[in-house]
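J.: The structure is given below, and queries will be raised subsequently.
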Amino acid sequence: MTILVDECLPEELKAWLPEWNVRTVQEMGWAGVKNGELLRRAEGQFDLFITADKNIRFQQNLEDRRIAILAQPSNRLTILRAMLTDIQSGIARMVVGGASLYVELPWPG
């Protein structure tokens with residue numbers, strides 16, 4: 001599975017997910033690209049987009065997207081670190097290909 005980490009999340013998240021092929025928006029040279037265009041660029045290159053932008057499901061039509069989205073409840077490093085097992089489990093549950101999939105992880109605890 002290939003994963004794209006949004007620029008609103010700390011780059012450390014990539015290092016915490018060594019079992020997957022993970023790139024960041026910054027590494028792709030896509031920093032500052034708006035969500036609609038970002039998703040268009042990511043489709044076909046990535047299976048999963050990880051973001052903390054929970055509004056993406058309201059701002060973008062996700063119906064026909066060919067990329068799954070895993071939304072985090074926060075972009076704070078300490079919260080993400082505490083949620084690492086949940087994040088890894090969420091990634092493992094994501095379906096690659098087929099219908100678009102949007103999953104929003106809850107706050108830890």
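The values are calculated or read from the model by the stated rules, or taken from the named source; none is laboratory data. Since we're looking at a predicted model, the values are computed, not measured. Using ideal geometry, Cβ is built from the backbone for each residue, glycine included, and neighbour counts are taken over all protein chains shown.
J.: If I filter segment 15-51 down to residues being touching a Ser or Thr at 6+ places or on another chain (Cβ under 6 Å) and within 16 Å of residue 71 (Cα to Cα), which single residue comes out as surrounded by the fewest Cβ atoms within 10 Å (Cβ to Cβ)?
T.: Per the criteria, the residue is 47.
J.: How many residues are touching a residue at least 40 places away in the same chain (Cβ under 8 Å) and among the charged types (D, E, K, R) if we restrict to segment 20-63?
T.: 4
Condition check ((1) in contact with a helix residue (DSSP H, G or I) (Cβ under 8 Å, 6 or more places away or on another chain); (2) of a type outside the set (Val, Ile, Thr)) across all residues:
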{"position": "27", "(1), (2)": "no, yes"}
{"position": "42", "(1), (2)": "no, yes"}
{"position": "63", "(1), (2)": "no, yes"}
{"position": "76", "(1), (2)": "no, yes"}
{"position": "79", "(1), (2)": "no, no"}
{"position": "86", "(1), (2)": "no, yes"}
{"position": "90", "(1), (2)": "no, yes"}
{"position": "93", "(1), (2)": "no, yes"}
{"position": "102", "(1), (2)": "yes, yes"}
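J.: Given the criteria in contact with a strand residue (DSSP E or B) (Cβ under 9 Å, 6 or more places away or on another chain) and modelled with pLDDT of 80 or more, does residue 79 qualify?
T.: Criteria not met by residue 79.
J.: Of the residues that make up segment 100-108, is at least one hydroxyl-bearing (Ser, Thr, Tyr) and modelled with pLDDT under 85?
T.: yes
J.: Got a sec? Which of 64, 86, 53 is within 12 Å of the chain's Cα centre (by Cα) and of a type in the set (Asp, Glu)?
T.: After applying the criteria, what remains is 53.
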